[in-house]
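The values are calculated or read from the model by the stated rules, or taken from the named source; none is laboratory data. All values reported here derive from a predicted model rather than from experimental measurement. Ideal geometry is used to build each Cβ from the backbone, glycine not excepted, and the neighbour counts take in all protein chains shown.
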Amino acid sequence: MPTDWAAVYRETFPDLVRYLYRKVWDADRARDLAQESFARSLAHDPDQPRTWVFTVAANLVRDEARTAVRRKRHLTLLKGEAETAPRPPDPHGELEAREREAAVRSALDRLSERDREVLLLWQSGLSYGEIAERSGLAAGAIGTTLARARRRMVDAYRDVERGDVARG
């Protein structure tokens, strides 16, 4: 039976955008990548379409990150160190939100790739079974892995808030 991509889209798109946002930290780019993920998935008829779309999205983000690194190296070679113009001060509330976002990013960066991936997939609404399939972990290990990843995330966030030097 062919995949009902319209239903998968309606049920998955908001979760996919949330997942991608936490990968790229840009709402517009996250929506674009989610659209691209669905566009690329339409040519396939996977057994688990939701997991398939998340896998395509993760691959797109990974490819984009590699391209960005290559581009940055190339520009650095061509232009030397780029200078950034100072930004005008933001309103107090926006500044606090950015500081929290930066702290969360930094805490996520301190986690292992597995912990980060499992947390982001769970936060995006995937079931334990879908997380197991996507991450390669045993389905019975997802609950424990998530609990430990959450605890590590809280510890990492506290370290960032205290200004502790990154581990590792």
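So the values come out like this:
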item: Filter result (free of Cβ contacts under 8 Å to residues at least 40 places away in the same chain, buried (at least 16 other Cβ atoms within 10 Å of the Cβ) and of a type outside the set (A, V, I, L, M, F, W, C)) within the stretch 11-38; result: 21, 37
item: Which listed residue is of a type in the set (D, E, K, R) and either within 28 Å of residue 31 (Cβ to Cβ) or at pLDDT 90 or above (or both), from 110, 162; result: 110
item: Breaking point among (1) without any contact (Cβ under 8 Å) to a residue 60 or more places away in the chain; (2) in contact with an Asp or Glu (Cβ under 9 Å, 6 or more places away or on another chain); (3) among the polar types (S, T, N, Q), for residue 41; result: (2)
item: Cβ-Cβ under 8 Å pairs, at least 6 apart or on other chains, the stretch 46-60 side on the phi > 0 side of the Ramachandran plot, far side crowded, with 20+ Cβ neighbours inside 10 Å and of a type in the set (A, V, I, L, M, F, W, C); result: none
item: Scope the stretch 121-168; condition of a type in the set (A, V, I, L, M), crowded, with 17+ Cβ neighbours inside 10 Å and not in a helix (DSSP H, G or I); matching residues; result: 126, 137
item: Residue match in the stretch 60-68 (condition: at pLDDT below 85 and of a type in the set (S, T, N, Q)); result: yes
